[in-house]
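Undergrad: Just passing along the structure, written as structure tokens.
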Amino acid sequence: MARISLRHVQKRYDEVVALSDCNLEIEEHEFIVLVGPSGSGKTTLLRIIAGLEHPSAGELYFDDVCVNDVDVSDRDIAMVFQNYGLYPHMSVYENMAFGLRRRKLAQGAIDGYVRRTAKMLNIEALLNRRPRQLSGGQRQRVALGRAIVRDPAVFLLDEPLSNLDAHLRVQMRAEILKVHRAVTATAVYVTHDQVDTPGNLYDAPVDRFVASFIGTPAMGFVGCRIQRSPDGVELVTDSARMRVLPAQAAALASSGAERIMVGIRPERLTIVSEQQAVAAEVGARGTVEAVEMLGAEQYVHVAVDGGSLTARVPRDHMVKIDETVIFAAASRDLHLFDFQTGLAVR
């Protein structure tokens, strides 16, 4: 295992800043996920850890050793890529054994490592096949097995599941986490998917970007006026009225803002009647723009004055395009963001 430390790491490509003053501590055997949109520097950071890129400034440590000038082959890492990178002329067994043979291990040891890893990944029956005879999910297991069999100190996974369909991505995410529990390596995983994201990113996002990026379907947002009265504070638009909790009211008072961006998670919204909306803490009226049917549930996308909201509702709740619906939620489900900066107000 290895502890990884990035200290004030920067990476520039001429005038383009890919990473700026990056500081990150990754503990031994930790599984850390780097999530972000294309161009945010995830893969650049991974390549610096691997030694495929050199930082423009700052230091990278494995345990207490600075590895800025240590060659890739001497870092005791294994990488799993999006494109699998399997040798097409070799069998699954030969692909997994290739790195061990380069280390000049005895054939008996190689055979033991390969077969134990194949059993862990449930690909024992595939060892004699060539990559072209495998499905996408099977190829990804082989690529993962080729990395595991080397027993490295660090696993680096660069969007390894993006070529798989949605069902296989879910299955393989679970497989990767199970494998990590069974081995001793530290793992850094770069992805567009949200892989077991820590709860506070979901429940208390620091800004609107994080709130919108984490979660499927994405959080909806409505721009509201702040209406203060002796009875309390409400957030309003022409078609929405939202009462806030005392703590939220205090945060809004401290901010001094007149407008606020309100975010609500899809699972917190329900479709209600006019009568139910009157008693609700949060109510918003809008027009249905799209309905996504996903088996037992559906996502209802609604245009609301000042923004748009999405609700996750049971499939037996009939909703039509262009229909007017009313959403309700609780005050505790509101996320408040500064209208200009996007930072959370709390």
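Readers should treat all values here as calculations from the given coordinates under stated rules, not as data from a laboratory. Since this is a predicted model, take the numbers as computed values, not measurements. Here the Cβ positions follow ideal geometry from the backbone for every residue, glycine too, while neighbour counts run over all protein chains shown.
Undergrad: Toward the positive end of the charge dipole of the chain, about the Cα centre and with charges on Cβ (Lys, Arg +1; Asp, Glu -1), which of I260, T44, P131 goes farthest?
TA: P131
Undergrad: Okay, moving on. If you take semi-axes √(5λ) of the Cα gyration tensor in Å from the coordinates, which of (1) 47, 26, 15; (2) 35, 21, 19; (3) 31, 26, 20 do you get?
TA: For semi-axes √(5λ) of the Cα gyration tensor in Å, the calculated option is (1).
Undergrad: Considering only V236, V17, V244, give the residue with the highest GNM mean-square fluctuation for the chain, with springs between Cα atoms whenever their separation is below 10 Å.
TA: Of the options given, V17 has the highest mean-square fluctuation.
Undergrad: If contacts are Cα pairs under 8 angstrom and at least 6 residues apart, what is the relative contact order of the chain in percent?
TA: Working: 662 pairs, mean separation 50.4, N = 346.
Averaging sequence separation for qualifying contacts and normalising by length gives 15 percent for the chain.
Undergrad: When L121, L144, L24 are ordered from fewest to most other Cβ atoms inside 10 Å of their Cβ, what list results?
TA: Placing the least packed residue first, the sequence is L24, L121, L144.
Undergrad: If the reach is capped at under 26 angstrom between alpha carbons, list the lysines near K104, excluding any in the same chain fewer than eight residues apart.
TA: Cross-link targets: K119.
Undergrad: Cα axis of helix 246-255 to longest principal axis of the chain: angle in degrees, 0 to 90, nearest 10?
TA: It works out to around 90 degrees.
Undergrad: Another question, then. Taking only C-alpha pairs under 8 Å that are 6+ residues apart, what is the relative contact order of the range 157-218 in percent? Each step should come with its number before you reach the end.
TA: Numbers: 30 pairs, mean separation 19.6, N = 62.
Relative contact order comes out at 32 percent.
Undergrad: At what distance in nm do the modelled label points of V183 and Q275 sit from each other, each positioned 7 Å from its Cα along Cα→Cβ?
TA: A separation of 6.1 nm, rounded to one decimal place.
Undergrad: Okay, next question. What percent does the relative contact order of the range 1-129 come to when contacts are Cα pairs within less than 8 Å and at least six residues apart?
TA: Values: 145 pairs, mean separation 26.3, N = 129.
Result for the range 1-129 is 20 percent.
Undergrad: Which one, D76, D322, D333, has the greatest fluctuation when you compute a Gaussian network model over the chain with C-alpha springs under 10 angstrom?
TA: In the Gaussian network model the winner is D322.
Undergrad: Among the aspartates and glutamates, which fall within straight-line cross-link reach of K42, defined as a Cα-Cα distance under 13 Å, with same-chain neighbours fewer than 8 residues apart omitted?
TA: E53, D158, E159, D193
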